[in-house]
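The values are calculated or read from the model by the stated rules, or taken from the named source; none is laboratory data. This structure is a prediction, so every number in the text was calculated from the model and none was measured. We place every Cβ from the backbone using ideal geometry, glycine too, and count neighbours over all the protein chains shown.
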Amino acid sequence: MTHTNHKVNLLDFDLPQLKELIFTWGEPAYRADQVWGWLYRKDVPAIEDMTNVSVTFRGFLDAHSFIDRLTVHTAETSVDGTRKFLFLLPDGPGIESVLIPERDHLTLCISTQAGCAQGCRFCLTGKSGLRRNLTAGEIVGQVMAVKRILEPGQRLTNLVFMGMGEPLANYDQTLTAIRILNDPAGIGFAYRRLTLSTSGLVPQIDRLGQDTKINLAVSLNASDDATRSFLMPINRRYPLKELLAACNRYPLPLTRRITYEYILIKGVNDSPQAAHRLTRLLKPATSKINLIPFNPHSGSDLVPPDWDTVLAFQNILVKGHYTVIIRKSKGGDISAACGQLQGRIRPLEPQTGLSSVN
Ligand code: SAH
Ligand code: SF4
């Protein structure tokens, strides 16, 4: 790509890329470190605010680049404290991020695509297909924008790539975003505080393990191929055996485990047999299992199991020595819960027809 004829968004580059860019402009690479600090430590909105950068170089930056920040369009707060933020992209689509306060964590769930092409049967985000990939600047921009409007004393502790879209289907921009977020001279999220969730794109899981040390979460949702292919078309391309082999070779540090997400859907994947099969499929020492009762929404006839079935399913896994958490979906009342993100501007009157499983 040539950067000479059009202006580039400075927020789309990780630090090595920014150094390279500034080097190709014939300027010394240390300038990139200065610019980086202004962008991610000081969070300045404009090049002219980079006051320790020489006026000549600022003029140069102005001629070749700009800072295209994302700003929150609307925010909604759930009765449980979850907050959902809508961002409007310049070309039209909306994307959402969800802020989830927990006792000692403040987690932001960010989007990597407007829409999603994977078409999972249970997920509202995928219903209208993929609008487009987000740029690295738009992925990181969600974090920066939310940081700006946190309440005094609030600090983001964790980031999860679990909002709209399949991050590994937008691999390059997601990787650049991870590198920007992880860079210690900038936003500085340690890898252990970053988690990427995928529906299971096997080659990209391997690449991710080579390129980063980010935590991996896998949307599993079934313990046999027929059920998984019914729920998630990606399973026809990368069936369970291949997916789990990729998970097993994912090079996480010994103290960390892969999270397997399992949405429980009544009559589809919630039987004791399915739970027993799951105990044989994974390894307790390297896995954590999150059970998520299906969140009903207008785009699907699926329903969650009753609570006893959820507990019975959990019990089988616990007896198999797994760490199992039942994840109560948060923010159901504002459609901020898992699988409910659509990036639409909703009317302000109260929503009907959506119920939460809390
Ligand atoms: N595309 C990636 C990351 C984001 S998907 C992935 O599939 O892993 C958003 C998350 O919401 C996934 O963990 C998915 O399993 C979950 N999800 C989607 N629809 C849901 C629903 N109706 N109820 C509960 N969880 C849902
Ligand atoms: Fe896409 Fe994930 Fe939703 Fe599947 S669950 S459609 S991969 S966002």
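Tabulated data
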| read-out | value |
| --- | --- |
| Verdict on L181 being crowded, with 23+ Cβ neighbours inside 10 Å, assigned to a strand (DSSP E or B) and in contact with a helix residue (DSSP H, G or I) (Cβ under 9 Å, 6 or more places away or on another chain) | no |
| Failed item in (1) in a loop (DSSP other than H, G, I, E, B); (2) surrounded by fewer than 22 Cβ atoms within 10 Å (Cβ to Cβ); (3) modelled with pLDDT under 95; (4) within 16 Å of ligand 2 (Cβ to nearest atom), with Q154 passing the rest | (4) |
| G129 vs. criteria within 16 Å of ligand 2 (Cβ to nearest atom), modelled with pLDDT under 95 and within 25 Å of S300 (Cβ to Cβ) | yes |
| Boolean, T112 is modelled with pLDDT under 95, surrounded by 14 or more Cβ atoms within 10 Å (Cβ to Cβ) and under 23 Å from A169 (Cα atoms) | no |
| Unique match (being within 16 Å of ligand 2 (Cβ to nearest atom), modelled with pLDDT of 95 or more and not in a loop (DSSP other than H, G, I, E, B)) among L317, L291 | L291 |
| Unique residue being modelled with pLDDT of 95 or more and either of a type in the set (G, A, S) or part of a helix (DSSP H, G or I) (or both) when the list is I139, I187 | I139 |
| Among the residues listed as G141, G115, G119, the single one being more than 15 Å from the chain's Cα centre (by Cα) and more than 10 Å from ligand 1 (Cβ to nearest atom) | G119 |
| Residue ID - farthest from R193 (Cα to Cα), chosen from residues in the range 212-230 that are within 16 Å of ligand 2 (Cβ to nearest atom) and touching a strand residue (DSSP E or B) at 6+ places or on another chain (Cβ under 6 Å) | N221 |
| Members of the range 211-236 that are free of Cβ contacts under 8 Å to residues at least 24 places away in the same chain and surrounded by fewer than 17 Cβ atoms within 10 Å (Cβ to Cβ) | D225, A226, S229, R236 |
| Yes/no for A177 being small (G, A, S) and farther than 30 Å from I265 by Cα | yes |
| Close pairs (9 angstrom Cβ cut-off, 6 or more residues apart or separate chains): closer than 22 Å to T309 by Cα in the range 273-289, basic (K, R) and in a helix (DSSP H, G or I) anywhere | T279/K319 |
| Selection status of D68, closer than 30 Å to L21 by Cα and part of a loop (DSSP other than H, G, I, E, B) | yes |
| Identity of the residue in the range 70-109, of a type in the set (G, A, S) and either more than 17 Å from K147 (Cα to Cα) or within 16 Å of ligand 1 (Cβ to nearest atom) (or both), that ends up surrounded by the most Cβ atoms within 10 Å (Cβ to Cβ) | S97 |
| Per-region count, the range 44-60, residues surrounded by 15 or more Cβ atoms within 10 Å (Cβ to Cβ) and within 18 Å of A185 (Cβ to Cβ) | 3 |
